[in-house]
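In what follows, a structure is listed as C-alpha cells, so that the remarks can point back to it.
The values are calculated or read from the model by the stated rules, or taken from the named source; none is laboratory data. Note that the structure is a prediction, hence the values are computed from the model and not measured. So basically every Cβ, Gly included, is an ideal-geometry build from the backbone, and we count neighbours across all protein chains shown.
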Amino acid sequence: MRWKAHFFLNGEGSTKSFKYGLPTRNSAPVVPEIKAFEDDLIDLISNIKFRNINDDFLNNIENDMKKVSTSNNVFIFADKTRNIYESSPENYNKLLSENITKSYKIGKEDLAYEINSELKNIADNLSIGDRIDIMAKKPAFITLKDHKDNFKSNRKCRLINPSKSELGKEYKRRFPE
C-alpha cells in the first residue's frame, strides 16, 4: 500500500516499469499522508482479544491435527478433489520414484549450477538480476488422481516439480521457440 501511495503522490512512473512484475527488495518509503491510517490499523490489530469456544467442528479439526502429527505415515493430497490419503512412506516413495523415472532422466551433477548461471546472465541482461533468486532445489512430490476410473486398483499420480525459475515468463516472452 505504501508503494502505491508513494507512486500516486510523487508521480514517479509506474510501479511495474522495467521490473517485469517482480518484487523489489527495497522497503517502501514512509508516506506521511497515510501514517495516521497505519497507526489506527496497528491499534486495531493490537486490541484483538480471543475467547475460548467449544465447537464440535473445531474439536474434530484438533483431533485430526493430533492424528496427523503422531502418525508415521505420509499424507498425500488428491489431484483435483479435496481428499487426502494416508499411505506408508515406502508406498509413497515407490509411487514417487516411478513417476520421476517416467518423466525425467539423470543429469550431470553440476546441471543446477549451469542453469543458475545461465539464469543469472539472462537476468543481468534484462537489468533485473537483483530481483531474481537462484532456482531452489525443492523436492518433487505427487498428487493422487482419485477422479480416474479404477482408482482403487490402479493408482495414477501427477508429478509436481516445484523447482522453477521466476524468470520463465519473461524468458518465454523474449525468446519464443
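A few notes on this one:
- Yes/no for residue 27 being outside the structural domain of residue 139 (by TED's automatic domain parsing), exposed (fewer than 10 other Cβ atoms within 10 Å of the Cβ), among the hydroxyl-bearing types (Ser, Thr, Tyr) and in a helix (DSSP H, G or I): no
- Residue in region 33-51 that is touching a helix residue (DSSP H, G or I) at 6+ places or on another chain (Cβ under 8 Å), at pLDDT 85 or above and part of a loop (DSSP other than H, G, I, E, B) present: no
- Pairs with Cβ under 9 Å, 6+ apart, first in region 46-72 and exposed (fewer than 10 other Cβ atoms within 10 Å of the Cβ), second outside any helix (DSSP H, G or I): 72/88
- Number of the condition not met by residue 168 [criteria: (1) of a type in the set (Gly, Ala, Ser); (2) modelled with pLDDT of 75 or more; (3) over 19 Å from residue 77 (Cβ atoms)]: (2)
- Selection of region 113-125 for residues being of a type in the set (Gly, Ala, Ser) and either touching a Phe, Trp or Tyr at 6+ places or on another chain (Cβ under 6 Å) or closer than 16 Å to residue 168 by Cβ (or both) yields only 123.
- For region 96-107, a residue qualifies if it is over 23 Å from the mean Cα position of the chain (by Cα) and surrounded by 12 or more Cβ atoms within 10 Å (Cβ to Cβ), and exactly one does: 98.
- Restricting attention to region 93-102, the residues that are out of contact with any Phe, Trp or Tyr (no Cβ under 9 Å at 6 or more places or on another chain) and under 13 Å from residue 141 (Cβ atoms) total 5.
- Enumeration of residues in region 134-169 that are touching a strand residue (DSSP E or B) at 6+ places or on another chain (Cβ under 9 Å), more than 15 Å from residue 81 (Cβ to Cβ) and either exposed (fewer than 11 other Cβ atoms within 10 Å of the Cβ) or of a type in the set (Asp, Glu) (or both): 162
Here's the yes/no breakdown for (1) polar (S, T, N, Q); (2) touching a helix residue (DSSP H, G or I) at 6+ places or on another chain (Cβ under 7 Å):
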{"residue": "59", "(1), (2)": "yes, no"}
{"residue": "64", "(1), (2)": "no, no"}
{"residue": "76", "(1), (2)": "no, yes"}
{"residue": "89", "(1), (2)": "no, no"}
{"residue": "95", "(1), (2)": "no, no"}
{"residue": "116", "(1), (2)": "yes, no"}
{"residue": "119", "(1), (2)": "no, no"}
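- Helices (runs of 4 or more DSSP H) fully within region 85-177 counting 1 or more residues that are polar (S, T, N, Q) and in contact (Cβ under 8 Å) with a residue 12 or more places away in the chain: 89-103, 111-125
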